[in-house]
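The block underneath contains the structure these notes are about, expressed in structure tokens.
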Amino acid sequence: MTISPMNRLVDHIRQVALLAAGDHATDGRLLDQFINERDEAAFEALTRRHGPMVFGVCRRVIGNNHDAEDAFQATFLVLVRKAASVRPREAVGNWLHGVAYRTALEARARLARRRSREQQVVTMPQPHADAESSWHDLRPVLDQELTGLPDHYRLPVILCDLEGRARKQVARQLRIAEGTLSSRLATARKLLARRLRRRGVTLSIACLTSLLAQGTVSAAVPASLLVSTTNVAMLVAAGQAVASGTVPVKVAALTEGVLKMMFLTKLKLTAMVVSGVAVVGLGTGGLLYQARGADSMQHDTAPSSQLQLVQRNAQADDQETPRRAQNDADAIRNRELRRQLDQARAQAEAARAAAEAAQAEAAAQRERAEAERQRAEVLMRRAESELQRARKAEQDARRSAQKQGYANALQQADRALNSRTDTQDARLRYLDQQRSAVMKEMAEQKARLKAELRNLEDQQRSMLGKFEQDRADLTRVDPKQPSARERMRSRSAEDGLSRILERLDRIEQRLQRLESR
């Protein structure tokens with residue numbers, strides 16, 4: 001299946017974009033992308049970021065650029081094979097430094113064996129990239145002593161000094177404060193200078209820092225080496241390198257040898273830890289003390305100057321034999337094992353110190369917790385007393401509110417009763433006034449009726465008198481035969497009398513109604 005130029009262009013643009021994003025990504029994120037997605041851009045970013053440090057280690061240990069390039073490729077092929085075992089992910093620079101040093105030792109041992117087989121007596125001249133003589137003299141021992149530092153001291157030196165990163169960026173990557181990083185850097189440089197002093201190399205902290213920075217600047221990785229390493233690594237990750245045969249034979253053999261060495265070292269470390277536990281259990285700590293004393297004595301007998309150390313190594317290279325080459329390889333492995341043992345002891349001491357510090361911190365935390373508990377109890381008692389006072393105040397407020405409510409209710413009831421009483425009194429006064437007016441009116445009507453009744457009675461008496469008189473007159477004339485006129489008079493008198501009697505009856509009825517009202 002052929003790939004069109006457009007697809008190649010798209011892939012190239014995607015890789016450039018991923019590389020630009022990788023410049024700001026952390027080591028842990030890039031390593032996770034490579035492990036989970038086999039991302040070529042992430043692996044290339046890691047190679048560009050840590051390549052100068054790895055190439056510098058390989059050149060310092062091996063001494064020539066050609067074999068250093070093979071060791072460089074083998075180191076990153078080991079990363080492809082063992083990427084999932086890097087713990088923690090952010091310490092990939094520390095892990096690469098250790099693997100680069102082991103790979104360089106293995107490459108140097110293979111070079112020594114090849115020279116012994118070829119029976120070379122005179123050392124061939126090889127180009128050196130280091131211009132500074134002091135840096136050239138420190139090559140044989142610097143990386144060996146650097147790998148002997150504990151991880152939490154070695155990693156800041158690798159990231160800040162060997163790779164030249166900014167402290168702010170390294171502190172953010174390691175998730176520690178910048179002040180803590182500066183403290184660890186200072187301690188690591190002091191430990192490294194002390195270890196170099198035991199090897200006969202006396203340097204100040206400032207000079208050591210300057211030499212580390214110079215080594216970083218001079219260890220520029222060729223662009224062709226970066227590209228070829230990335231391509232070979234991705235083929236190895238995809239499982240196509242063996243079939244295609246793209247991995248050089250020397251690089252493949254060196255990679256397998258380093259992987260085998262790492263496996264054997266892990267087994268030996270496990271066996272030493274088990275043996276150490278057994279020795280501690282049997283009470284044979286004196287043997288470890290003697291071994292440590294012999295080791296320190298051996299370090300004390302190291303050459304006193306850097307030039308003597310370089311000259312002795314050059315004489316040894318000139319007079320080496322096949323058996324000597326094998327012994328040198330065994331000595332290198334023994335030194336590596338001794339270094340790992342020292343590192344394990346240092347880690348154990350650091351762990352013991354950390355455990356003691358943790359115990360002290362735990363005791364301090366327990367004391368602080370006890371003090372906090374006591375303060376909490378005091379505050380709780382105060383809170384309980386405050387709560388009781390608050391409840392009492394609430395009850396008093398409720399009682400006073402109830403009393404005030406009762407008083408307000410009584411006042412409102414009293415005002416309502418007074419208002420109703422005033423209303424009733426006003427209605428009573430109004431009724432009394434109405435009654436008085438009615439009584440007055442009834443009295444006036446009664447007086448008028450009585451006066452009218454007297455008038456009527458007077459009229460009745462006058463009419464009766466007149467009637468009697470008329471009657472007497474008529475009787476005197478002829479009482480048996482009254483005239484028509486007389487009859488009419490008597491009839492009209494009777495009618496008037498009956499009307500007067502009817503009016504009297506009506507007046508009496510009205511008087512009765514008034515009295516009943």
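The values are calculated or read from the model by the stated rules, or taken from the named source; none is laboratory data. Being a predicted model, the structure only gives us computed values, none of them experimental. FYI the Cβ positions are ideal-geometry reconstructions off the backbone, even for glycines, and counts take in every protein chain you see.
Before moving on, here are some points about what is shown:
- Residue ID - nearest to ILE158 (Cα to Cα), chosen from residues in segment 34-46 that are surrounded by 23 or more Cβ atoms within 10 Å (Cβ to Cβ) and aliphatic (A, V, I, L, M): LEU46
- ALA68 being in contact with a Lys or Arg (Cβ under 6 Å, 6 or more places away or on another chain), of a type in the set (A, V, I, L, M), crowded, with 24+ Cβ neighbours inside 10 Å and assigned to a helix (DSSP H, G or I): yes
- Hey, ARG49 out of contact with any strand residue (DSSP E or B) (no Cβ under 9 Å at 6 or more places or on another chain), outside any helix (DSSP H, G or I) and surrounded by fewer than 22 Cβ atoms within 10 Å (Cβ to Cβ) or not: no
- Here is the figure for segment 325-337: residues that are charged (D, E, K, R) and either modelled with pLDDT of 80 or more or farther than 17 Å from ASP143 by Cα (or both) total 2.
- Out of ALA166, ALA104, ALA84, ALA171, one residue alone is at pLDDT 85 or above, among the aliphatic types (A, V, I, L, M) and closer than 24 Å to ARG339 by Cα. It is ALA104.
- Residue in segment 352-372 that is closer than 28 Å to LEU267 by Cβ, surrounded by 10 or more Cβ atoms within 10 Å (Cβ to Cβ) and either among the charged types (D, E, K, R) or in contact (Cβ under 8 Å) with a residue 40 or more places away in the chain (or both) present: yes
- Selection of segment 421-465 for residues being in contact (Cβ under 8 Å) with a residue 60 or more places away in the chain and either touching a Phe, Trp or Tyr at 6+ places or on another chain (Cβ under 8 Å) or of a type in the set (S, T, N, Q) (or both) yields only GLN445.
- Flag: ARG491 does not match the condition of being surrounded by 11 or more Cβ atoms within 10 Å (Cβ to Cβ), out of contact with any helix residue (DSSP H, G or I) (no Cβ under 7 Å at 6 or more places or on another chain) and at pLDDT below 75.
- Of all residues in segment 483-511, those that are of a type in the set (D, E, K, R) have Cβ atoms under 7 Å from Cβ atoms of residues that are at pLDDT 70 or above and part of a helix (DSSP H, G or I), 6 or more apart or on another chain, in ARG489/ASP470; ARG503/LEU456; ARG510/LEU449.
- Residue count, segment 77-97 (criterion: over 35 Å from the mean Cα position of the chain (by Cα) and within 25 Å of ASP330 (Cα to Cα)): 2
- Check on ALA397, among the aliphatic types (A, V, I, L, M), at pLDDT below 85 and surrounded by 10 or more Cβ atoms within 10 Å (Cβ to Cβ): no
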